[in-house]
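These notes are about the structure you will find just below.
Every number here is computed from the coordinates shown, using simple stated rules; none is lab data. Worth saying up front: this structure is predicted, and the values here are computed from it rather than measured. Neighbour counts are summed over all protein chains in view; Cβ atoms, including those assigned to glycine, are modelled from backbone coordinates with ideal geometry.
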Amino acid sequence: MKFTLGVEIKPAARRIAIDEPVLLLGSCFSDSIAARMKASGMPVCANPFGTLYNPESIASALERLESGRPFGEADCMEMGSGAGKICSFHHHTSFARESADAFLQNANASLLEAAGVWKQSRVLIVTLGTAMVWRRLENGEAVANCLKRPGGEFTHEMLSVAGVSAALRRIIALAGGRSVIFTVSPVRHPGEGLHRNSLSKATLLLGLEEILPSTPGATYFPAYEIVLDELRDYRFFAEDFCHPSKIAADYVWERFCDGFLTPEDKEKARLLAKRALSAGHIPFK
């Protein structure tokens, strides 16, 4: 008997070797999967600018990694709401520090390390979180984070399907022949309502549909569909009802291994993760 709609995972034409460097960019779901990859012995670098949600910010982050251009004083912004910290519009607020010097030291150290991984890697995994974008009125640039600054400094919009596709093409061009695995985060963003969240996710999926058929080096991993269609129950979500639970993330990781690791490497990854778990060293989220 069958009690769920199964999401088919076809073995990828290009598998990931367990010892090859991988860069992950995108939503917090990227961090979740990256933790499991690290525990499985895979040399990965995840979100060197912190969590990124929209495709334009992800493309901009990749441009920075490709150029290696360090962050400077012009990038430093004081956070709002009395936070008293310095960050940049290119970073998640987890990078915020008490002074510009402290912020730049941390941001550029992370950039340097990630740029090194990027040069060695042949695989990029991108998790798209939302099609919603905040732009600075000053220059129209999409920001990774508003830094709690006044709303009057920004415009807020949902990217069109064409806008999403354009950002994805930038990402693929910057990948320079590397394998690119796209996925859409199953994390819900209910701040503007669940209907708006559904429109946003649909826009991302339609943008991917426009570019993937004509891009041989890019593939799609259906994490969104696995969580919402295969699991399809609030018991597979955390207490906020928005983020997948640990069990759900474990299951998605298992399905990812089915499609992108060889059976031999999948078994190696399983054994390494088991040893790490026994040692208590797995920072699963």
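To keep it simple, each residue is scored yes or no on (1) buried (at least 18 other Cβ atoms within 10 Å of the Cβ); (2) among the aliphatic types (A, V, I, L, M).
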position	(1), (2)
LYS2	no, no
LEU5	no, yes
GLU8	no, no
ALA17	no, yes
GLU20	no, no
LEU25	yes, yes
ALA35	yes, yes
SER40	yes, no
PRO43	no, no
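To keep it simple, each residue is scored yes or no on (1) buried (at least 17 other Cβ atoms within 10 Å of the Cβ); (2) of a type in the set (A, V, I, L, M); (3) touching a Pro at 6+ places or on another chain (Cβ under 6 Å); (4) within 26 Å of HIS189 (Cβ to Cβ).
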residue: TYR53; (1), (2), (3), (4): yes, no, no, yes
residue: SER60; (1), (2), (3), (4): yes, no, no, yes
residue: ALA74; (1), (2), (3), (4): no, yes, no, no
residue: HIS91; (1), (2), (3), (4): yes, no, no, yes
residue: ASP101; (1), (2), (3), (4): no, no, no, no
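Of the conditions (1) of a type outside the set (Phe, Trp, Tyr); (2) touching a Lys or Arg at 6+ places or on another chain (Cβ under 8 Å); (3) within 30 Å of PHE256 (Cβ to Cβ); (4) surrounded by fewer than 22 Cβ atoms within 10 Å (Cβ to Cβ), ARG170 satisfies every one except a single condition; which number is it?
Among (1) of a type outside the set (Phe, Trp, Tyr); (2) touching a Lys or Arg at 6+ places or on another chain (Cβ under 8 Å); (3) within 30 Å of PHE256 (Cβ to Cβ); (4) surrounded by fewer than 22 Cβ atoms within 10 Å (Cβ to Cβ), ARG170 violates only (2).
I'd like to know if segment 52-72 contains one or more residues that are closer than 18 Å to GLN105 by Cβ, of a type in the set (A, V, I, L, M), assigned to a loop (DSSP other than H, G, I, E, B) and in contact with a helix residue (DSSP H, G or I) (Cβ under 8 Å, 6 or more places away or on another chain).
Scanning segment 52-72, I find no residue that is closer than 18 Å to GLN105 by Cβ, of a type in the set (A, V, I, L, M), assigned to a loop (DSSP other than H, G, I, E, B) and in contact with a helix residue (DSSP H, G or I) (Cβ under 8 Å, 6 or more places away or on another chain), so the answer is no.
Does PHE236 satisfy the criteria of being surrounded by fewer than 22 Cβ atoms within 10 Å (Cβ to Cβ), out of contact with any Ser or Thr (no Cβ under 9 Å at 6 or more places or on another chain) and not charged (D, E, K, R)?
Judged against the criteria, PHE236 is not a match.
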